[in-house]
Each structure stands twice: as structure tokens, then as C-alpha cells.
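Note sheet for the following structure.
The values are calculated or read from the model by the stated rules, or taken from the named source; none is laboratory data. Here the structure is a predicted model, which means the values were calculated and not measured. Backbone-built Cβ (ideal geometry, glycine too); neighbour counts: all protein chains shown.
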Amino acid sequence: MADALTPVLKKLSAFPAPTFASAHGACLGIGLGLLIATDVVYVGNGAKIGSPFAALGATLDSGGHALFVERLGAHRALDLIYTADLMRGAEAVASGLFSRALPDEDVLDFTRSAVARVATGPTDAFLASKAIVAQLRDDRVGLWDSVDAENRAQAILARTPDFAEGFAAFQQKRQPAFRGRA
């Protein structure tokens, strides 16, 4: 089943615009995979995240191994996988798995608000940052390669209307009115 959804997870991860997800309740298997494939994840304090598959004679799927090892280290990853223990949302955020933990009843509204704020932001700058972060994550580039990528992106962004608007708004002490892509 997870194998059939891998192309969907890859497409979501490679989607060129910022992506957000929110979750409360159980986030296991494909649900966890969807969170992993998203740029920003807000979880409810009561969310349950982990790998209960040991009890089924199966293994974690949908990128869970990579996420756990990258963000928790090998020992903690294997602890969760072997024991099938689940982390609550607040613990997952404190461990570095996701962005923020919120009360379960607030997580969806908070996510929608964040998406609305980002939707009015500097689109080209967000796309450049997403590409730089993907390169850091996927290609494991070092600090100076990252700095070079940032400098290239900044040189391109300096010629955009949103860049000019952002600096004008800063100088005029007002909120910018970004247009995004024309």
C-alpha cells in the first residue's frame, strides 16, 4: 500500500510552493508520510506520532526512518521503532520532528492563519528558500555551498518587485504589500 503512495509523497515534497499540514490524533504510516512530505507541520498536543508496526511484524514506511534518524538520531529512532512507543505532539516538536505543537482544538485554525499570512508574502523569496533547504536536506551541501546558493538567490530576488516593495515598506515603517509572481 505505501509503495503505491510513494509517487504522491514525492510530488507533494517537490511541490514548488510552500506546503503546510496540521495533524491531531494518530499520525502513523501514510499519515506520517504526508507530514514528512510537507514543508511546515503543526501538530496538536495530543497527536500520536511514531511507528507501531513492530506489533504487526512490519516496518515503518513513508520516509519515517529517514525523518527519525535525521531529527532524533539513530538510537532514539530505533528505540521508537523497536518498542512501538508513540510520541505525543508536544514531545515530537520538542524533539525536532515538527514545527509547533498547539492545543488540539486550535491547530487547524492556526494552520489556516499561517497559510493565509504566507499566501500574501514574497512568493519568489519563499521559492528560493524552499530550493535552498531542499538542497541542504537532499544533497547534504555544506555551509559555503549554502552561502553561495543564498547569494545567487538574493541576486535574483533583488530584481523583483517584491524585493523593492519589501525594502520600501521597511524604510517607510509600514507593512509590505507583496504581489507574488506576476
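Below is a table of values for the structure above.
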| quantity | calculated |
| --- | --- |
| Hey, residue 22 in a strand (DSSP E or B), within 12 Å of the chain's Cα centre (by Cα) and not basic (Lys, Arg) or not | yes |
| Checking residue 7 against (1) surrounded by 13 or more Cβ atoms within 10 Å (Cβ to Cβ); (2) farther than 28 Å from residue 117 by Cβ, the condition it does not meet | (1) |
| Near pairs, Cβ below 8 angstrom, 6+ apart or cross-chain, from the range 55-75 (in the same structural domain as residue 139 (by TED's automatic domain parsing)) to any residue that is modelled with pLDDT of 85 or more | none |
| Flag for residue 111 being more than 28 Å from residue 140 (Cα to Cα), of a type in the set (Ser, Thr, Tyr) and surrounded by 15 or more Cβ atoms within 10 Å (Cβ to Cβ) | yes |
| Exclusive hit being out of contact with any helix residue (DSSP H, G or I) (no Cβ under 8 Å at 6 or more places or on another chain) and not hydroxyl-bearing (Ser, Thr, Tyr), set 106, 85 | 106 |
| Spans of helices (runs of 4 or more DSSP H) in the range 65-175 with at least 2 residues touching a Ser or Thr at 6+ places or on another chain (Cβ under 7 Å) | 74-83, 107-119, 123-139 |
| Cβ-Cβ under 7 Å pairs, at least 6 apart or on other chains, the range 92-116 side under 16 Å from residue 48 (Cα atoms) and at pLDDT 95 or above, far side among the aromatic types (Phe, Trp, Tyr) and in a helix (DSSP H, G or I) | 102/110 |
